[in-house]
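Data block below; observations after.
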Amino acid sequence: MARGKREAEILRGRYPESSEARREDSVHIRAGGNHRAIPPKKNPGCQLLHSFCTIHAQLFHTQCIVAAFDANHDTAGRMNASTHMARLLRVLIVSACLLLPRVVCAAEPDVTLFRIFLLDGTELVSYGEFVRLDETVIFSMPVGGPAEQPRLQVATVRTALVDWTKTDRYAASARYQRYARTRGEEDYLRLNNEVAGVLNTIALSTDRQEALAIAERARQTVAAWPQSHYGYRTDDIREIVSVLDQAISSLRAAGGGNPFELSLVTTAGPPELEPVLGMPPVRQQLDQMLRLASITTASSERMSVLQAALAVIAEAGPALSATDTAAYRGRVEEAIRNELAIDRRYADLSRRAFDQATRAAERADGPAIERIAARVREEDEKLGQQRPQSVEALNTTLQAKLADSRRLRLLRDQWALRRETYRQYQQSVGSSLLLLVKSTASLRAIRTLDGPSPDRLLTLRSQLTGGAERLERIRTPDYLREIHERLVGAWRFAENAARARFEAISHADATAAWEASSSAAGALMMLARVQQDLTALLTPPRLQ
C-alpha cells in the first residue's frame with residue numbers, strides 16, 4: 001500500500017488531471033492527504049521505473065528475475081520468461097514514449113542571491129556564491145543598478161565576523177531550491193531511466209553473477225546520488241534503492257546464496273528550507289554598504305564602497321525620501337572625509353619613516369632603523385590601526401632598509417680590514433699604472449689610425465716592452481686578483497697596439513694598422529675600468 005501511495009503521488013504530481021492520477025487517487029490517497037512541499041509542476045510524471053514497477057511489480061520481481069536465474073525452472077520456462085520479458089519491454093518502451101513528461105523551464109534569474117550573516121545580527125548580500133579563503137570571505141556585492149543586472153563590487157570580510165551556522169544553513173537552502181528549480185527534475189528523470197535500464201538488463205541477462213554485480217553497482221551509485229545532488233528527492237531515492245535491494249535479493253536467492261545482506265547507507269536528506277530573498281531595497285543596500293565600509297580592512301575597497309553608495313543615493317529617486325537622502329548622503333560624505341584624512345596621516349607617516357630609514361641605511365646605522373620601525377608601530381596604534389596594508393608595506397620597506405644597512409656595515413668593516421692591503425697594492429702598481437695613463441694620448445692616436453709619430457711610437461714600444469711580465473710577478477690576494485688581471489690585460493693590449501702600429505708604418509700595411517687600432521681600443525677600455533676599480537678600493541663602500 002505504501003508503494004502504491006507513492007506511485008499515485010508521482011503520477012498526480014505531473015498529471016493532476018490524468019485518468020491514471022484519478023484512478024490511483026481513489027485507491028491510495030486518503031481524503032485530506034497532502035503531497036510533498038514541492039511545486040506540483042516539478043514532480044515527475046509516470047516515469048519508466050515507476051510505471052513498470054506499478055503495473056508489473058510482482059511479475060518483474062518474482063517471475064522475470066527469478067525465472068531467468070532459477071536452476072529449477074526448465075528450459076521452456078526460461079524461454080517463456082524471456083519471451084514474456086521481451087514483450088513487456090516493447091510495451092514499456094511505447095508507454096515511456098507516450099508518458100515521458102516534457103520539461104518546461106520558466107524564466108528564472110540567472111544568479112542566486114546568498115546572504116552572509118554577521119555575528120552582530122546584520123547581513124550582507126552576495127550576488128552568487130561566496131568564497132571562503134583562509135581568514136577572508138570574498139564575494140560580489142550588488143551596489144545599485146537595475147535588479148536584473150546590478151552593478152557589483154568585489155568585497156571582503158573577515159571570517160571571524162561571520163555567523164557561519166546561519167550563513168551555511170541559508171546557503172544550503174538556497175542551493176537546494178535553485179537546483180530543484182533548474183536541474184533537479186532533469187537529473188532525477190535521467191537517474192530513473194538509467195535505473196530502469198539496469199533492471200531491464202538484469203532481467204534479460206543470462207549471467208547471474210554479472211547481473212548481480214550490475215545491480216550492486218547501481219545500488220551503490222543510487223544510494224550516493226542525494227549526497228552529490230543537495231539531498232534532492234531523498235525519499236524517492238530510498239524507494240529506488242529498495243527496488244534494487246529486492247532485485248539483488250532475488251538474484252542471490254536464485255543463485256542459492258543468502259538473499260539478505262546488511263548494508264548500512266546514510267542518505268543525507270534535504271536541508272531545512274528557508275525563503276530565498278531577492279534583491280534588497282535601496283535602504284537596505286545602503287545600510288549594508290555602510291556596514292561593509294565599517295568592517296572591511298582594505299582602504300581601497302572601503303572607498304570604492306562609499307563612492308558606490310553615493311551613486312546609489314543619486315539614482316535612488318522616489319525610493320528614498322528627501323530626509324533619508326540627506327541623511328544617507330551626510331553619513332557617506334562624512335565617512336569619505338574621514339577616509340581621506342586617515343590616508344593623509346598614514347601617507348605622512350610613511351614618507352617620514354622612509355626618508356629617515358634611507359638616511360640611516362646610508363650611514364649603516366641598523367639600530368636607528370629598528371627605532372624607526374618601533375615608532376611606526378606606536379603611531380599606527382595611535383591612529384587606530386586603520387591602514388594595515390599600508391603599514392605592512394611600510395614595514396616591509398623598513399626591513400629591506402635594515403638588511404641594506406647591515407650589509408653595508410659588513411662591507412665597511414671588510415674595507416677597514418683590507419684598507420692597508422689596498423694601499424700597498426696601489427703603491428706596487430702605481431708606476432706601471434702611471435705609465436699607462438701617460439700613454440693614453442698615443443693609444444688614442446693609434447685607435448683613430450692617426451699616429452703617433454714614429455719617434456714617439458718607438459719610445460712607447462720601448463717603455464711597454466716587458467711590463468706585463470713584471471706585473472704578473474706581483475703576488476696579490478684573491479680578492480685583488482680580478483683587478484690585477486685586468487691591469488695586466490690592459491698593458492698587453494697597449495704593448496700589442498704599439499708593436500702592430502710600428503709594423504704597419506714599416507710596411508705601409510693597412511690591415512696591421514687596423515689590428516693596432518683594435519688593440520689600442522681594448523687597452524683604453526680596460527685601463528679606464530682599472531682606474532675605476534682602484535678608486536673604489538680606496539673609498540669606503542656606499543649604499544647602492
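Rounded to the nearest Hz, the phi-derived 3J(HN,Hα) couplings of region 380-390 under the Karplus curve 6.51 cos²θ - 1.76 cosθ + 1.60 (θ = phi - 60°) are 5, 5, 5, 7, x, 6, 8, 10, x, 5, 5, where x marks glycine and proline.
For Arg363 and Arg418, a Förster radius of 22 Å and the Cβ-Cβ distance give a FRET efficiency of 0.60, rounded to the nearest 0.05.
The gain in end-to-end length when the Arg473 to Ser300 segment is fully stretched comes to 55.6 nm, 0.36 nm per residue minus the alpha carbon separation.
Sorting 377-390, 297-310, 134-147 by their mean Cβ neighbour count within 10 Å, with the most densely packed peptide first, gives 297-310, 134-147, 377-390.
Each peptide in 163-175, 312-324, 480-492 receives the mean, over its residues, of other Cβ atoms within 10 Å, and ordering these scores from highest gives 480-492, 163-175, 312-324.
Note down the net charge around Thr358, summing +1 for each Lys or Arg and -1 for each Asp or Glu among other residues with Cβ under 12 Å from its Cβ. Walk me through the numbers on the way to the answer.
Numbers: positive: Arg351, Arg352, Arg359, Arg363, Lys401; negative: Asp355, Glu362, Asp365, Asp404.
Net of charged neighbours comes to +1.
The Cα center of region 476-544 and the Cα center of region 134-182 differ in position by 72 Å. For the pair Thr440 and Ala347, a Förster radius of 56 Å applied to the C-beta separation gives a FRET efficiency near 0.60, rounded to the nearest 0.05.
For Lys166, list the aspartates and glutamates whose Cα falls under 16 Å from its own Cα; do not include residues on the same chain fewer than 8 positions away. Cα-Cα hits under 16 Å: Asp120, Glu123, Glu129, Glu272, Glu274. Each residue of region 314-319 was assigned a 3J(HN,Hα) from its phi angle through the Karplus curve 6.51 cos²θ - 1.76 cosθ + 1.60 (θ = phi - 60°); the sequence is 5, 9, 5, x, x, 5 Hz, with glycine and proline shown as x.
Sequence-ordered 3J(HN,Hα) estimates for region 212-223 from the Karplus curve with 6.51, -1.76 and 1.60 and θ = phi - 60° stand at 5, 5, 4, 5, 5, 5, 5, 4, 4, 5, 5, 4 Hz, glycine and proline given as x.
Computed from the coordinates by the stated procedures, all read-outs in this text should not be read as laboratory data. These figures come from a predicted structure and were not determined experimentally. Cβ coordinates were reconstructed from backbone atoms using ideal geometry, including for glycine residues, and neighbour counts include every protein chain displayed.
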